[in-house]
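We did not get these values from a lab; they are worked out from the coordinates using the rules stated. Model, not experiment: these values are computed from the prediction. Positions of Cβ are backbone-derived with ideal geometry, glycine not excepted, and every protein chain shown enters the neighbour counts.
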Amino acid sequence: MKELLSAYAAYNSWAHEQMTNTILQMDEHLHQQIVKSSFPNLYATILHLWDAESIWWQRMEGHQQMLIPSKQFNPTMKEAVNGLLQQAGEWERFVQNTTEEQLQREFYYNNLKGDSFRSAVWQVTHHLFNHGTYHRGQLVTMMRELGVTEIPATDFIHWYRTRV
């Protein structure tokens, strides 16, 4: 389990970096351009990714009050990207330094609606990395809609082949 989650954590950080490097090279006005998706634009999607990774981190750490990055201040795209990459790095270091037993640990938390749940650390980390893949796919589609023609390949197998 740990080996797989360590790979996913490293992949998640790498894939975020690939996508955000491309986004930051785009004209800034395109970051806010409305494109039909789960979130209205690239900026909102990046904020959502950062919020989700931060919220899950805080839940796992046992915080009762969530400090949601997008609610705390109004970051620029560069600040949002830096926050996302920093949080992804925290997840990567956490998984690398944890044990199989710690991955099995269950913890209680409340979702943003206040509903109570219990999950194992491995379930949350797997969910989080899968969540990132889902929204990076949306970013690709949004970028294509905005006219970007050179989008990095961020498939897991592409990342993995460069590592072995």
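For the chain, the Cβ-based charge dipole about the Cα centre amounts to some 200 debye (Lys, Arg positive; Asp, Glu negative; other atoms uncharged). What's the FRET efficiency of residue 156 with residue 107 using the Cβ-Cβ distance as r and R₀ = 22 Å, to the nearest 0.05? In this case the efficiency is close to 0.25. Computed from Cα positions, the angle between helix 42-60 and the longest principal axis of the chain comes to roughly 10 degrees.
The angle separating the long axis of helix 77-97 from the principal Cα axis of greatest extent in the chain is about 30 degrees. How far is helix 2-25 tilted, in degrees, relative to the longest principal axis of the Cα atoms in the chain, given as a value from 0 to 90 rounded to the nearest 10? The angle comes out near 20 degrees. Taking other residues whose beta carbon is less than 13 angstrom from the beta carbon of residue 18, and scoring Lys, Arg as +1 and Asp, Glu as -1, yields -2. With a Förster radius of 25 Å applied to the C-beta separation of residue 131 and residue 28, the computed FRET efficiency comes to 0.45. Helices in the chain, meaning DSSP H runs of at least 4 residues, each add -39500 (n - 2.57). Divided by all residues, the mean residue ellipticity at 222 nm is -20500 deg cm²/dmol. What does the net charge come to around residue 5 if you take all other residues with beta carbon closer than 11 Å to its beta carbon, with K and R at +1 and D and E at -1? So the environment of residue 5 carries a net charge of -2. Here's the list of aspartates and glutamates a cross-link from residue 2 could span, going by alpha-carbon distance under 12 Å and ignoring same-chain residues fewer than 8 apart: 92, 100, 101.
Each label point was placed 7 Å from the Cα along the Cα-to-Cβ direction; for residue 63 and residue 36 their separation is 3.6 nm.
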